[in-house]
Amino acid sequence: MDFQHRPGGKTGSGGVASSSESNRDRRERLRQLALETIDINKDPYFMKNHLGSYECKLCLTLHNNEGSYLAHTQGKKHQTNLARRAAKEAKEAPQQPAPEKVKVEVKKFVKIGRPGYKVTKQRDPETGQQSLLFQIDYPEISESIAPRHRFMSAYEQRIEPPDRRWQYLLLAAEPYETIAFKVPSREIDKGESRFWTHWNRETKQFFLQFHFKMEKAMQPPSGPMPPMGMKRPPPLMGSLTPRPPPESRPPQMPPQMPPQMPPQMPPQMPPQMPPQMPPQMPPQMPPQMPPQMPPQMPPQMPPQMPPSPGMPPPAPLPPLMRPPLPSEGPGGVPPPPPSN
């Protein structure tokens with residue numbers, strides 16, 4: 001059977017809905033809409049009679065179920081009756097005066113300029129907190145008016161580009177212009193003795209002081225504390241080596257003490273050595289040489305070395321000793337000088 005030329009027909013679908021089916025579908029959609037927006041238990045015009053049906057007291061209509069009543073509330077008849085009832089009640093209601101608005105009188109003053117001020121930076125010696133002390137002079141302030149102040153964020157003002165690193169302290173007193181101070185945007189300590197204001201009516205001066213909270217706790221200096229009356233030495237530069245303290249210096253040797261002979265010295269000297277040969281006795285060491293250095297000097301080192309900086313020159317060498325004769329034998333070597 002061909003359905004393509006029938007009005008509203010489409011292959012695989014039902015026929016055209018009748019008027020009753022369209023009305024039933026419309027009422028169902030209206031009922032679902034009313035259920036979402038209207039609470040039927042709070043509707044003053046909804047009533048259930050003794051027959052079990054529902055009535056609309058506004059439109060005087062009967063309905064078999066709640067869905068039919070909800071669909072009726074969304075219809076044109078019910079909406080028109082609601083508008084007519086609201087207009088009638090508004091006309092019959094007595095005229096009530098509107099509530100009076102609280103009127104705030106705007107103070108009008110002729111501005112006379114900016115006041116004089118003085119700002120003092122301070123630091124608490126005990127806690128190390130930084131503080132600011134403001135002194136504002138209002139010699140021509142109006143009677144019965146006290147200066148006022150408040151803190152303003154950088155994003156509230158419209159004079160400068162907002163910067164979160166700063167905040168503003170505003171001070172106002174009529175008839176003077178309002179002045180503002182740009183202070184760091186740090187947390188204010190609102191303690192009892194850390195934030196205070198004072199208005200002196202006799203001298204017409206306003207004082208305000210506040211402290212900033214400490215961002216980091218102060219750390220005690222590392223290392224032992226120096227005794228009283230003694231100054232700490234300045235730090236040494238990286239290129240200089242620190243000198244040892246006086247207590248750790250080696251003890252100084254007496255100037256006249258000659259060094260002892262090294263034990264590795266041979267007992268006799270070769271007889272073939274010419275008399276011009278320098279003596280085999282090691283030269284006298286400087287008196288301030290530390291005892292850790294070996295007393296024997298290397299044979300390649302010249303007998304007289306240039307004195308090191310900060311040390312005295314070495315003592316003169318002893319006179320040349322006569323070499324032993326062959327007839328004297330090994331016992332002819334002169335004994336070493338006695339040590340004091």
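The values are calculated or read from the model by the stated rules, or taken from the named source; none is laboratory data. As the structure is a computational prediction, the values presented were derived from the model and not from experiment. Cβ: placed from backbone, ideal geometry, glycine included. Neighbour counts: every protein chain shown. Only protein heavy atoms, including side chains, enter the accessible area calculation; ligands, DNA and RNA are left aside. Shrake-Rupley method; radii C 1.70, N 1.55, O 1.52, S 1.80 Å.
Scanning segment 154-205 for residues that are part of a strand (DSSP E or B) and open to solvent by 80 Å² or more (accessible area, probe 1.4 Å) yields Trp166, Lys182, Trp196, His198.
Among the residues making up segment 35-64, those that are out of contact with any Phe, Trp or Tyr (no Cβ under 7 Å at 6 or more places or on another chain) and either open to solvent by less than 40 Å² (accessible area, probe 1.4 Å) or closer than 17 Å to Arg24 by Cβ (or both) are Leu35, Asp43, Asn49, Gly52, Ser53, Cys59, Thr61, Asn64.
Taken over segment 163-219, the criterion of being under 18 Å from Thr120 (Cβ atoms) and polar (S, T, N, Q) is satisfied by Ser193, Thr197, Asn200, Thr203, Gln205, Gln209.
Tally the residues that are of a type outside the set (D, E, K, R), out of contact with any His (no Cβ under 6 Å at 6 or more places or on another chain), within 20 Å of Leu82 (Cβ to Cβ) and part of a loop (DSSP other than H, G, I, E, B), restricting the search to segment 21-63. Residues in segment 21-63 being of a type outside the set (D, E, K, R), out of contact with any His (no Cβ under 6 Å at 6 or more places or on another chain), within 20 Å of Leu82 (Cβ to Cβ) and part of a loop (DSSP other than H, G, I, E, B): 5 in total. The number of residues in segment 97-131 being within 19 Å of Asn200 (Cα to Cα) and assigned to a strand (DSSP E or B) comes to 5. Scanning segment 143-153 for residues that are farther than 16 Å from Leu132 by Cβ and not aliphatic (A, V, I, L, M), we see that the one that is most open to solvent (accessible area, probe 1.4 Å) is Glu143. What are the pairs, 6+ residues apart or on separate chains, where a residue within segment 125-142 that is touching a residue at least 60 places away in the same chain (Cβ under 8 Å) and open to solvent by 30 Å² or more (accessible area, probe 1.4 Å) has its Cβ under 6 Å from a residue that is basic (Lys, Arg) and outside any loop (DSSP other than H, G, I, E, B)? Close Cβ pairs (under 6 Å, with a partner that is basic (Lys, Arg) and outside any loop (DSSP other than H, G, I, E, B)) amount to Gln130/Arg123; Gln135/Lys118.
Of the residues making up segment 69-86, those that are part of a helix (DSSP H, G or I) and in contact with a helix residue (DSSP H, G or I) (Cβ under 7 Å, 6 or more places away or on another chain) are Leu70, Ala71, His72, Thr73, His78. If I filter segment 86-94 for residues that are at pLDDT below 80 and touching a Ser or Thr at 6+ places or on another chain (Cβ under 8 Å), do I get at least one hit? No, the conditions are met nowhere in segment 86-94. Within segment 30-48, can you find the residues that are modelled with pLDDT of 85 or more and more than 27 Å from Lys88 (Cα to Cα)? Those that are modelled with pLDDT of 85 or more and more than 27 Å from Lys88 (Cα to Cα): none in segment 30-48. Residues considered: Glu100, Glu28. Of these, the only one that is open to solvent by 70 Å² or more (accessible area, probe 1.4 Å), of a type in the set (Asp, Glu) and within 60 Å of the chain's Cα centre (by Cα) is Glu100. Contact map, segment 189-200: residues that are closer than 25 Å to Ile145 by Cα and among the basic types (Lys, Arg) paired with residues that are open to solvent by less than 90 Å² (accessible area, probe 1.4 Å) and assigned to a strand (DSSP E or B), Cβ distance under 9 Å, separation 6+ or inter-chain. Pairs shown: Lys190/Phe210.
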